[in-house]
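Following: one structure in structure tokens, then a few remarks.
Just so it is clear, none of the values below were taken in a lab; they were calculated from the coordinates. Here the structure is a predicted model, which is why all the values come from computation and not from measurement. Positions of Cβ are backbone-derived with ideal geometry, glycine not excepted, and every protein chain shown enters the neighbour counts.
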Amino acid sequence: MPGRVEDILMGEETLFKNITAFNPDYIPENYLHRESQMEALALCLRPALKGGKPVNSVVMGSPATGKTTAIHKIFEMVEGRSEKLVCAYVNCQLYNTRFNIFSQIYQHIFGHVPPETGVPFSRIYGEIMKKLANEGKALVVALDDINHLFYSKNANQILYDILRAHEVFPGVRTGVFAIISDIEFRYMLDKNVSSVFIPQEIVFDPYTFQEIRDILHDRVKVGFYPSVLSDELLDEITEVTLSTGDLRVGIDLLRTSGNFAEADASRTIQKQHLQRAMQDFDSHHLQDTISKLSGDEKNLLKLLVDLDGEITAGDLYNLLKEESSPERKGSTRKNSISYASFDRALKKLEFVRLIDTKFTGKGFRGNSRLVILRFGYNEIKKCLD
């Protein structure tokens, strides 16, 4: 290792040149292997920069394939270069009501959220659209994980509000980037919405081994000092990442193995540091995630573990309601849970990646969701106990 690097490590007692490079919300300067998708997004935004309407798009791909990062990067580029287009990003797992979504848009435009009570939706909506009309700006709203709006049956109304705003506020130009991580999800739109939402599909395919390696190698260059991680260990981390299908796993393993190496006062990450990181990731990540759940969320997770199998969201709610009924002998809960509370708890479990929900296309109006645990039943039960 070069003497200069030794001095840096000895002086600062760290292997990390920039530890934020391993944070979940880090946006890399070099955004690799998504050039064609970025170009497609740029083409959708280009008309709005010339005074026309943005092109609607559906951004599709499995989780951790770079969709959200691409949206943030292209929005950052546009708003840094032009004042003709407002780009608002909304996470629909966290915000899935009409009021909440437009509150997020309002915050992006005005710099603060509107009051939660005492202000009608029509006023918030009107202030957004009037400002856009007065300033001659177009609006593009990225709705990340838009499938949650369909589950809550709010999708058609929200898309209608955005895409048909020009009918009430002449001159307003709006568009939607709908981001879908459930690649098997199929959406149905009302006729009034489908006639204006004619999207271009932009597909984010899963990363290949070499693409994952390139991305992780770039994080290593940004995050660690030179020669901290060998090519052999980088290959091993890449293999693990490829097997999980989640780029975030590889990034977290880099950070954790670096921490273990530092704790051992090692100037490089060794095989044993990576092995400890892999064990630590599985156990601590699960324990930490479960410990932060609310009572309702833990009760729902416990019920899923006790079931030891797949179940639809509707059947799960009925079972939970029965379990929490005060008439049920041995019940420790005093009040039956409402469907709204159940749905919030279910969405939280999916958001923290303890479960997956899969749209089946069956059931009432084709909205049935299958609930699937992402971890082994014994692992989760141990953390709950």
- Query: Any idea how far apart residue 239 and residue 378 come out in nm if each label point goes 7 Å out from Cα toward Cβ?
  - Reply: 2.4 nm
- Message: Taking the Cα of residue 263, stepping 7 Å toward and past its beta carbon, and measuring to each backbone N in region 285-314: which are under 13 Å?
- Response: 285
- For the pair residue 343 and residue 303, how long in nm is the line joining their label points, each one 7 Å along Cα→Cβ? 1.6 nm
- Query: In a GNM of the chain with a 10 Å cut-off on Cα contacts, which of 88, 155, 165 has the highest mean-square fluctuation?
  - Reply: 165
- Query: What is the local net charge at residue 233, summed over the other residues whose Cβ is closer than 11 Å to its Cβ (Lys, Arg +1; Asp, Glu -1)?
  - Reply: -4
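Where nothing but the Cβ of Lys and Arg (+1) and of Asp and Glu (-1) is charged, how large is the charge dipole of the chain around its Cα centre, in debye to the nearest 20? Display every interim value, and only then the final one.
Numbers: 47 positive and 52 negative charges, 354 e Å.
Roughly 1700 debye for the chain.
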- Calculate I(q)/I(0) for region 35-204 by the Debye formula, one identical point scatterer on each C-alpha and no solvent, and give its log10 at q = 0.08, 0.13, 0.15 Å⁻¹ to two decimals. -0.21, -0.58, -0.80
- For residue 293, the net charge from surrounding residues (Cβ-Cβ under 11 Å; K, R +1; D, E -1) works out to +1
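Stokes-Einstein D for the chain at 10 °C, 1.306 mPa s, Kirkwood Rh over Cα pairs, in µm²/s? The partial results should precede the final answer.
Numbers: Rh = 23.3 Å.
So the translational diffusion coefficient is about 68 µm²/s.
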- Under 29 Å from the Cα of residue 381, which lysines turn up, not counting those fewer than eight places away in the same chain? 292, 298, 302, 321, 329, 334, 347, 348, 358
- Message: Starting from 0.36 nm per residue, how many nanometres of slack lie between residue 93 and residue 29 once their C-alpha separation is accounted for?
- Response: 20.4 nm
- Task: Name the most mobile residue of 80, 250, 52, meaning the one with the largest mean-square fluctuation, in a Gaussian network model of the chain with Cα contacts below 10 Å.
- Result: 80
- Among bridges DSSP assigns within the chain, what percent are antiparallel (round to 5)? 25 percent
- Quickly work out the residue 167-to-residue 50 label distance, labels modelled 7 Å from Cα along the C-beta direction, and quote it in nm with one decimal. 2.8 nm
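Over the chain, what is the relative contact order in whole percent, taking alpha-carbon pairs under 8 Å and six or more residues apart? Kindly include the intermediate steps, with their values, before the conclusion.
Working: 517 pairs, mean separation 69.1, N = 385.
About 18 percent, as a whole number.
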- Task: Specify the inter-centroid distance of region 242-275 and region 63-131, based on alpha-carbon positions, in whole Å.
- Result: 36 Å
- Query: GNM, the chain, Cα, under 10 Å: largest mean-square fluctuation among 266, 57, 243?
  - Reply: 243
